[in-house]
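Peer 1: Would you mind keeping the following structure in view while I ask a few things?
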Amino acid sequence: MVLVNILALAIAYGWAVFASDTLDSSYSTGLSRLEKIESMYAWEGFVYDIESCRSTYEMTQDFNEMKAHGARVVITFEFCGTGADVGYYDDVITAAGNAEISIIPLAWTLPIHAVGQSYGPNDTFLIKSVPRIEAVTQAVINNPEPVLAIAIGDEPLYDDDAGSPAALASYINQVRRNLSIAGLDIPLSISDLAYGWQSSGNITPVADAVDFFMVNNFPYFAFDATTGGNASSSWNDFIQDIEYFQSIANGRPILVTQTGWPTNEDEFAPNSPDIVASVPSSEGYWNLLDSFCEDYFKSMNIGWMWRSWEDDIDGWGVKYLNGSDKWHWNARTEC
Ligand SMILES: *[C@@H]1O[C@H](CO)[C@@H](O)[C@H](O)[C@H]1NC(C)=O
Ligand SMILES: *[C@@H]1O[C@H](CO)[C@@H](O)[C@H](O)[C@H]1NC(C)=O
Ligand SMILES: *[C@@H]1O[C@H](CO)[C@@H](O)[C@H](O)[C@H]1NC(C)=O
Ligand SMILES: *[C@@H]1O[C@H](CO)[C@@H](O)[C@H](O)[C@H]1NC(C)=O
């Protein structure tokens, strides 16, 4: 009799009560993941490079430290080993769970590492990237609770990783199908630049395949860039890109998954002759973003995540590789 009543309830509430994607107490806000993303604004957290294959223990420590500063979300960057090891993504998600921080695992779809590598004959999307997408999908199925969303690629349109937007979309949809078979409904997107979308021809299949828009937004690369804290260049460039995403989002949520300003020009060269890459410039950009908390991010319901946590993306961290802070960074998480 009790069982019958529970089943009746489950049917009344649409079975979702039994599905494993209901967030447990540490993540629960009574909202679905997509609703949670929609409600997010202000500074949310960091881009976290996993190329150095830190242990679960080390990652838990990093995530705890971020969380102590108010971070709520981490997105991964790069990959450990071949990037196709389910076990390593299990470790990343476990560490996020330990720290009770939300994680966005990113499947690295560029067949090579970003910088200083040339392509060999095996460095193709099918050989290198697809196994990474499969590994991330499997790890999320293994332990979905800490996972807020999945990124299928960092700038996959900008770099044309999959060969066409339609091919990329078919993999996004394959991930969705596999999650769905596992009883999961986890928001999917790609983390890309406005320019990546704008320069990729028929983007409709990808625009239709994503649940929301993860934005890479880097005024540092603009042709009129000067100092990070210069509101008339940095901020104008930032909002111009957001306006483009708003024009294609059709009301779907937008989350700036990657923004930042480096303290040196070593890893990614700028396009402006007047660029200033320094600690004060980086700090100025951070504070500029924070200063628009109520007037922009809150009213637009847009969160931002800083690239990067440490200088393993050379120059881009709020911390040096030795772990010391570059400046006393701190941002509001509400306003
Ligand atoms: C490409 O992969 C094949 C099959 O695994 C392997 O035999 C070959 O050595 C690889 N080529 C290079 C250049 O790594
Ligand atoms: C989806 O599941 C199928 C069947 O198990 C598998 O062959 C495929 O690689 C999976 N794709 C992804 C992206 O996980
Ligand atoms: C700020 O940016 C504007 C527009 O690019 C530029 O004219 C101005 O010189 C910059 N100010 C500083 C202090 O760099
Ligand atoms: C960490 O590295 C930075 C940059 O090289 C240096 O300025 C700073 O003194 C170092 N901090 C410690 C505690 O070693």
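The values are calculated or read from the model by the stated rules, or taken from the named source; none is laboratory data. Not measured: the values here are computed from a predicted model. Don't worry about glycine lacking a Cβ; one is built from the backbone with ideal geometry, like all the others, and counts go over all protein chains shown.
Peer 1: Quick check: is even one residue across the range 103-116 more than 16 Å from ligand 3 (Cβ to nearest atom), in a helix (DSSP H, G or I) and touching a Ser or Thr at 6+ places or on another chain (Cβ under 9 Å)? Write out each step before concluding.
Peer 2: Here is the first cut: in the range 103-116, the residues more than 16 Å from ligand 3 (Cβ to nearest atom) are 103-116.
Adding the requirement that they be in a helix (DSSP H, G or I) leaves none.
Checked the range 103-116: no residue is more than 16 Å from ligand 3 (Cβ to nearest atom), in a helix (DSSP H, G or I) and touching a Ser or Thr at 6+ places or on another chain (Cβ under 9 Å).
Peer 1: What tally of residues in the range 67-83 results from selecting those that are buried (at least 21 other Cβ atoms within 10 Å of the Cβ), among the hydrophobic types (A, V, I, L, M, F, W, C) and out of contact with any Ser or Thr (no Cβ under 9 Å at 6 or more places or on another chain)?
Peer 2: The total comes to 1.
Peer 1: Is it fair to say Asp154 is away from ligand 2 (no atom under 16 Å from the Cβ) and either closer than 26 Å to Gln240 by Cβ or among the acidic types (Asp, Glu) (or both)?
Peer 2: On the way: away from ligand 2 (no atom under 16 Å from the Cβ): yes; either closer than 26 Å to Gln240 by Cβ or among the acidic types (Asp, Glu) (or both): yes.
Spelling it out, Asp154 is indeed away from ligand 2 (no atom under 16 Å from the Cβ) and either closer than 26 Å to Gln240 by Cβ or among the acidic types (Asp, Glu) (or both).
Peer 1: From Leu168, Leu126, which residue is free of Cβ contacts under 8 Å to residues at least 12 places away in the same chain, within 16 Å of ligand 2 (Cβ to nearest atom) and outside any loop (DSSP other than H, G, I, E, B)?
Peer 2: Just a single option satisfies the conditions, and that option is Leu126.
Peer 1: Residues to consider are Asn250, Asn217, Asn236; find the one that is closer than 15 Å to Trp304 by Cβ, at pLDDT 95 or above and polar (S, T, N, Q).
Peer 2: Working: Asn250 fails: closer than 15 Å to Trp304 by Cβ; Asn236 fails: closer than 15 Å to Trp304 by Cβ.
None of the other options fit; the residue is Asn217.
Peer 1: Among the residues of the range 296-306, is there at least one that is modelled with pLDDT of 95 or more, among the basic types (Lys, Arg), more than 16 Å from ligand 1 (Cβ to nearest atom) and part of a loop (DSSP other than H, G, I, E, B)?
Peer 2: First, pick out the residues of the range 296-306 that are modelled with pLDDT of 95 or more: 296-306.
Of the ones still in play, those that are also among the basic types (Lys, Arg) are 298.
Right, trim to more than 16 Å from ligand 1 (Cβ to nearest atom) and you get 298.
With the extra rule that they be part of a loop (DSSP other than H, G, I, E, B), the set shrinks to none.
Within the range 296-306 (the criterion being modelled with pLDDT of 95 or more, among the basic types (Lys, Arg), more than 16 Å from ligand 1 (Cβ to nearest atom) and part of a loop (DSSP other than H, G, I, E, B)), the answer is no, since none of the residues qualifies.
Peer 1: Please go through the range 270-280 and pick out each residue that is in a loop (DSSP other than H, G, I, E, B) and farther than 17 Å from Asn217 by Cα. Reasoning before the result, please.
Peer 2: We begin by selecting, within the range 270-280, every residue in a loop (DSSP other than H, G, I, E, B); these are 270-278.
Correct list: Pro273, Asp274, Val276, Ser278.
Peer 1: Here is a follow-up. Since Ile141 meets every condition but one in (1) in contact with a helix residue (DSSP H, G or I) (Cβ under 9 Å, 6 or more places away or on another chain); (2) under 19 Å from Pro205 (Cβ atoms); (3) in a helix (DSSP H, G or I), which condition does it not meet?
Peer 2: Looking at each condition in turn, Ile141 falls short on (2).
Peer 1: Could you list all residues from the range 192-209 that are surrounded by fewer than 21 Cβ atoms within 10 Å (Cβ to Cβ) and either over 18 Å from the mean Cα position of the chain (by Cα) or more than 29 Å from Asn287 (Cβ to Cβ) (or both)?
Peer 2: Within the range 192-209, Gln198, Ser199, Ser200, Gly201, Asn202, Ile203, Thr204, Pro205, Ala207, Asp208 qualify.
Peer 1: Right, another one. If Glu51 satisfies every condition in (1) touching a Phe, Trp or Tyr at 6+ places or on another chain (Cβ under 7 Å); (2) crowded, with 23+ Cβ neighbours inside 10 Å; (3) within 23 Å of Val136 (Cα to Cα) but one, which is the exception?
Peer 2: Unmet condition: (2).
Peer 1: Only residues in the range 221-241 that are under 15 Å from Leu289 (Cα atoms) and more than 16 Å from ligand 2 (Cβ to nearest atom) count as the first member; pair them with residues that are of a type in the set (Phe, Trp, Tyr) and assigned to a loop (DSSP other than H, G, I, E, B), Cβ under 6 angstrom, at least 6 apart or cross-chain, and list the lot.
Peer 2: What qualifies is Gly228/Trp261.
Peer 1: Could you tell me which residue of the range 94-122 is nearest to Gly70 (Cα to Cα), considering only residues that are within 16 Å of ligand 1 (Cβ to nearest atom) and surrounded by fewer than 12 Cβ atoms within 10 Å (Cβ to Cβ)? So that I can check it myself, show each step before the final result.
Peer 2: Keep residues of the range 94-122 that are within 16 Å of ligand 1 (Cβ to nearest atom), which gives 111-113, 117-122.
Right, trim to surrounded by fewer than 12 Cβ atoms within 10 Å (Cβ to Cβ) and you get 117-122.
Numbers: Gln117: 36, Ser118: 39, Tyr119: 40, Gly120: 42, Pro121: 44, Asn122: 42 Å.
Among them, the one singled out is Gln117.
Peer 1: Looking at the structure I just gave you, is Ile186 part of a loop (DSSP other than H, G, I, E, B), within 16 Å of ligand 1 (Cβ to nearest atom) and of a type in the set (A, V, I, L, M, F, W, C)?
Peer 2: Numbers: part of a loop (DSSP other than H, G, I, E, B): yes; within 16 Å of ligand 1 (Cβ to nearest atom): no; of a type in the set (A, V, I, L, M, F, W, C): yes.
The answer is no for Ile186.
Peer 1: How do the helices (runs of 4 or more DSSP H) wholly within the range 17-100 filter down when requiring 2 or more residues that are touching a helix residue (DSSP H, G or I) at 6+ places or on another chain (Cβ under 6 Å) and either at pLDDT 95 or above or closer than 19 Å to Ser191 by Cβ (or both): which remain? Reasoning before the result, please.
Peer 2: On the way: elements: 33-39, 56-68, 86-99.
Those helices (runs of 4 or more DSSP H) span 56-68, 86-99.
Peer 1: Only one of (1) among the hydroxyl-bearing types (Ser, Thr, Tyr); (2) closer than 22 Å to Glu35 by Cβ; (3) in contact (Cβ under 8 Å) with a residue 40 or more places away in the chain; (4) in a helix (DSSP H, G or I) is not met by Ser180, so which one is it?
Peer 2: Going through the list (1) among the hydroxyl-bearing types (Ser, Thr, Tyr); (2) closer than 22 Å to Glu35 by Cβ; (3) in contact (Cβ under 8 Å) with a residue 40 or more places away in the chain; (4) in a helix (DSSP H, G or I), Ser180 breaks only (3).
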